[in-house]
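Derivation of every value follows stated rules applied to the coordinates shown; laboratory data play no part. Note that this is a predicted model, so its numbers are computed, not measured. Heads up, the Cβs are rebuilt from the backbone with ideal geometry, glycines too, and the neighbour counts pull from every protein chain shown.
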Amino acid sequence: MLSFIGGTGPEGLGLAARLAMAGEEVVIGSRSRDRALEAAARVREMAPKARVQGAENLEAALSGDVVFLTVPFEAQVPVLNLLRGALEGKILVDVINAIAYKDGVYTAIRVEEGSAAERAQKIAPGALVVSAFKNMSSERLLDIGRRIECDVLVCSDHEGPKRRVMALAEEIEGVRALDGGRLGNSRYLEDITVLLLDLNRRFKAQSCIRIVGL
């Protein structure tokens, strides 16, 4: 089962819906059980055959063997501190970008550990942290009727979990997963997201990345 912590937001909801459409069983987590149930119902509206349920974050983390962390950057530390024990030995997919938005400008937040994903590994050392889906547009994910044509770069210091997440990414039609190397490379993916968000704002687009020559 796949769990989405903070899955009521657009990115978590879009990923949950896409993977549910691919046949995965998912549970959407939230601080509020009611919000989680509402999000699960919304996924079923988008994908009527989806196997999806809602739960509070701790219950969701305990339920899944692969846990997606999709909360806003500012909520990462308190949420991980709460769930640290439940994440022991599990694959933790960090989808968070360390980004700030002010006065119409996106900027990267410099994280002491190097990236949001590296910070997640420090806070939850027993989890098998994988950085992925950093550069995908949440709007495009939620546009269920539209095929996504993009590459997903996956970074981790844990080879088996990295391969598992790459396989999950390629269940989404149109997506190619690429091995992005060590977890430390995640900091560069987060910086790329700043550029993509600025491009999207200026061109009113939903851009993503493709790596050619591979």
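Between residue 77 and residue 58, the contour length at 0.36 nm per residue exceeds the alpha carbon distance by 5.4 nm.
The amide H of residue 152, built 1.01 Å from its N in the peptide plane, has 176, 177, 178 as neighbours under 5 Å, considering only residues 5 or more places off or on other chains. Extension gain for the segment residue 170 to residue 105, taken as residue separation times 0.36 nm less the Cα-Cα distance, is 20.2 nm to one decimal. Charge tally around residue 23: other residues with Cβ under 10 Å, Lys/Arg +1 each, Asp/Glu -1 each, net -1. Once you sort the root eigenvalues of the Cα gyration tensor of segment 157-207 as a ≥ b ≥ c, which label holds: rounded (a/c under 1.5), prolate (a/b larger than b/c) or oblate (the other case)? Cα axes put segment 157-207 in the oblate bin. Report summary: the helix-based calculation at 222 nm, which adds -39500 (n - 2.57) for every DSSP H run with n ≥ 4 and divides by the residues of the chain, gives -11500 deg cm²/dmol.
Normalised Debye scattering of segment 2-203 at q = 0.09, 0.15 Å⁻¹ gives log10 I(q)/I(0) of -0.29, -0.87, counting only Cα atoms as equal scatterers and leaving out solvent. What the phi angles of segment 154-170 give under the Karplus curve with 6.51, -1.76 and 1.60, with θ = phi - 60°, is a coupling list of 10, 10, 5, 8, 10, 5, x, x, 4, 5, 4, 5, 4, 5, 4, 4, 7 Hz, glycine and proline written as x.
When each of the peptides 153-163, 96-106, 130-140 is scored by the mean number of other C-beta atoms lying within 10 Å of its residues, the order from highest to lowest reads 130-140, 153-163, 96-106. Over 16 Å apart: what share of the alpha carbon pairs of segment 27-93 falls there, rounded to a whole percent? When all Cα pairs of segment 27-93 are counted, 47 percent exceed 16 Å. Count the lysine pairs in segment 2-203 whose Cα atoms sit under 30 Å apart, keeping only pairs 8 or more residues apart in sequence or on different chains. Pairs that pass both the separation and distance tests number 11. Beta-bridge orientation, the chain: approximately 20 percent antiparallel, per DSSP, counting only bridges with both partners inside. The residue 37 and residue 143 beta-carbon pair, evaluated with R₀ = 22 Å, returns a calculated FRET efficiency of approximately 0.40. So what is the relative contact order for the chain, in percent, with contacts set as C-alpha pairs under 8 Å and at least six apart? After rounding, I find 18 percent. Isolated cysteines in the chain, defined as those with no second cysteine Cβ under 4.7 Å, comprise 155.
Each part gets one Cα centre, and for segment 1-58 versus segment 125-198 those centres are 18 Å apart.
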